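Heads up, the thing below is written out as structure tokens.
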Amino acid sequence: MGTSRDLVPTVDAAQRLNVTPRTVRRWVASGHLPGQKIGRILVADGPAVAALEQRRRQGSGVRR
């Protein structure tokens, strides 16, 4: 993963992807979305969220 600017908090990623934060946490845990824990906060990889957001707009994203 890159710098801290490349990281998106779970809640923000969920809003961008129109899913619940729990879904984002499950995707990170299962490896469908790159992410990591920083202290007690789970964050997702920003570029991966952007790519998934684009794919979901086109109708080919991860299923819930």
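Structure values in brief
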item	result
The stretch 4-57: relative contact order as a whole-number percent, Cα under 8 Å and 6+ apart	40
Hull volume in cubic angstrom per residue (convex hull over the Cα atoms of the chain)	74
Gained length - residue 51 relative to residue 32, 0.36 nm times residue gap less alpha-carbon distance	5.6 nm
Neighbourhood net charge (11 Å Cβ-Cβ; Lys/Arg +1, Asp/Glu -1) for residue 34	-2
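Computed from the coordinates by the stated procedures, all read-outs in this text should not be read as laboratory data. These numbers were taken from a predicted model, which means no experiment stands behind them. Neighbour counts run over all protein chains shown; Cβ positions are idealised from the backbone, glycine included.
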